[in-house]
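Inspection log for the structure reproduced underneath, given as structure tokens.
The values are calculated or read from the model by the stated rules, or taken from the named source; none is laboratory data. Quick caveat: nothing in here was measured; it's all calculated off a predicted structure. Methodologically, a virtual Cβ is constructed for each residue, glycine included, from the backbone with ideal geometry; neighbour enumeration extends over all protein chains shown.
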Amino acid sequence: MAFARTAVLMATLTALFMFVGLLIGGEQGIVIAFVVAAAMNVFAFWGSDKMVLSMHGAREVDARSAPGLHRMVEDLARRAELPMPRVYIIESDQPNAFATGRNPANAAVAATTGLMQRLTDEELAGVMAHELAHIKNRDTLLMTITATLAGAIGLLANFALFFGGSRDRPMGIIGTLAVAILAPLAAGIVQMAISRTREYQADALGAEICGQPMWLAGALQKIDAFAQRIDMNSAERNPATAHMFIINPLHAHSHDSLFSTHPSTANRISALRQMAGLSPRRESVIPSFGPWG
């Protein structure tokens, strides 16, 4: 099933590549776009995780450089019956996190410095469990490929806007303008559809991994509040990666919410409260648990 979803996604984005290529260079443009798309698909499978981590300036840490976080991820990975992923830290005041990698054996989790500073150990564990759930569900390949190719489609569409659309092309100038706008939008809709579905499932499995749904619920509430007023500069420079994060890192700008890549935070918290056996409106006390130091 995971392979089938990946194949459909890659075929859809490849078709968008080729269509924009048609507008730029006619039949020759299709051939060029196909070659570029094929190369991008291979790269997205084997190397897009490294590219995404590099986009956000993530630095790898180990048990010596970040003992608390590394020990926490190691413990949670053991509970989830997963190989130990690589652990990264992103220098950003906005609390947030994402997971990447083509499979559980080649996975990585990344947390911002803001996440480590602004959340309790329990809430941080809930977030890391959520990211491990994405790895266990094999969402990370889909999410990383989408981020890489959607960004590339946006660049190609901009190229078509400035250099395509001569009168001898099949769709002319008007068609070129339309596709230059609609191609990135279509890629964004693919991102949105994938992310919204997978986030609910990762919340549920993450709550099972850490054993306390309210840890993740508390974390989501805090992250959402901070993300609405703290910019994440690396995400603003690379908006195609926004759907990978546990909470949309672009919340600080209202125009970014036109097509949100994430489901409502309130709905996610409500689902977690129900998992914990609580009424959606009843206050609860998050139990204390901090074996990671």
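Residues are listed down the side, and each one gets a yes or a no for (1) part of a helix (DSSP H, G or I); (2) modelled with pLDDT under 70; (3) closer than 21 Å to Leu132 by Cα:
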site: Arg5; (1), (2), (3): yes, yes, yes
site: Val8; (1), (2), (3): yes, no, no
site: Ala11; (1), (2), (3): yes, no, no
site: Gly21; (1), (2), (3): yes, yes, no
site: Ala39; (1), (2), (3): yes, no, no
site: Leu76; (1), (2), (3): yes, no, yes
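Which residues, taken from the stretch 260-282, are modelled with pLDDT of 80 or more, within 19 Å of His243 (Cβ to Cβ) and assigned to a loop (DSSP other than H, G, I, E, B)?
Of everything in the stretch 260-282, those that are modelled with pLDDT of 80 or more, within 19 Å of His243 (Cβ to Cβ) and assigned to a loop (DSSP other than H, G, I, E, B) turn out to be His262, Pro263, Ser264.
Which one of Ser48, Ser65 is modelled with pLDDT of 70 or more and farther than 24 Å from Asn238 by Cβ?
Answer to the selection: Ser65.
Which of the numbered conditions does Ser48 fail, given that it passes all the others? Conditions: (1) of a type in the set (S, T, N, Q); (2) in a helix (DSSP H, G or I); (3) more than 17 Å from Arg138 (Cα to Cα).
Unmet for Ser48, out of (1) of a type in the set (S, T, N, Q); (2) in a helix (DSSP H, G or I); (3) more than 17 Å from Arg138 (Cα to Cα): (3).
Give the residues of the stretch 104-119 that are within 20 Å of Met84 (Cα to Cα) and either surrounded by fewer than 21 Cβ atoms within 10 Å (Cβ to Cβ) or in contact with a Ser or Thr (Cβ under 7 Å, 6 or more places away or on another chain) (or both), sorted by residue number.
Of everything in the stretch 104-119, those that are within 20 Å of Met84 (Cα to Cα) and either surrounded by fewer than 21 Cβ atoms within 10 Å (Cβ to Cβ) or in contact with a Ser or Thr (Cβ under 7 Å, 6 or more places away or on another chain) (or both) turn out to be Pro104, Ala105, Asn106, Ala107, Ala108, Thr112, Met116.
Restricting the search to the stretch 78-112, which residues are assigned to a helix (DSSP H, G or I) and over 18 Å from the mean Cα position of the chain (by Cα)?
The answer is Arg78, Arg79, Ala105.
May I ask you to list the residues in the stretch 113-143 that are more than 22 Å from Ile230 (Cβ to Cβ), assigned to a helix (DSSP H, G or I) and of a type in the set (Lys, Arg)?
Lys136
Suppose we filter the stretch 76-103 for residues that are in contact (Cβ under 8 Å) with a residue 60 or more places away in the chain, crowded, with 18+ Cβ neighbours inside 10 Å and not hydrophobic (A, V, I, L, M, F, W, C); how many remain?
5
Failed condition for Glu60, given (1) under 20 Å from the mean Cα position of the chain (by Cα); (2) in a helix (DSSP H, G or I); (3) over 22 Å from Asp203 (Cα atoms), with all others met?
(2)
Across the stretch 212-225, which residue is farthest from Arg268 (Cα to Cα) among those that are surrounded by fewer than 20 Cβ atoms within 10 Å (Cβ to Cβ) and in contact with a helix residue (DSSP H, G or I) (Cβ under 8 Å, 6 or more places away or on another chain)?
Going through the qualifying residues, I end up with Lys222.
If His251 meets every condition in (1) in contact with a Leu (Cβ under 9 Å, 6 or more places away or on another chain); (2) within 23 Å of Thr113 (Cβ to Cβ); (3) at pLDDT below 85 apart from one, which number is that one?
(1)
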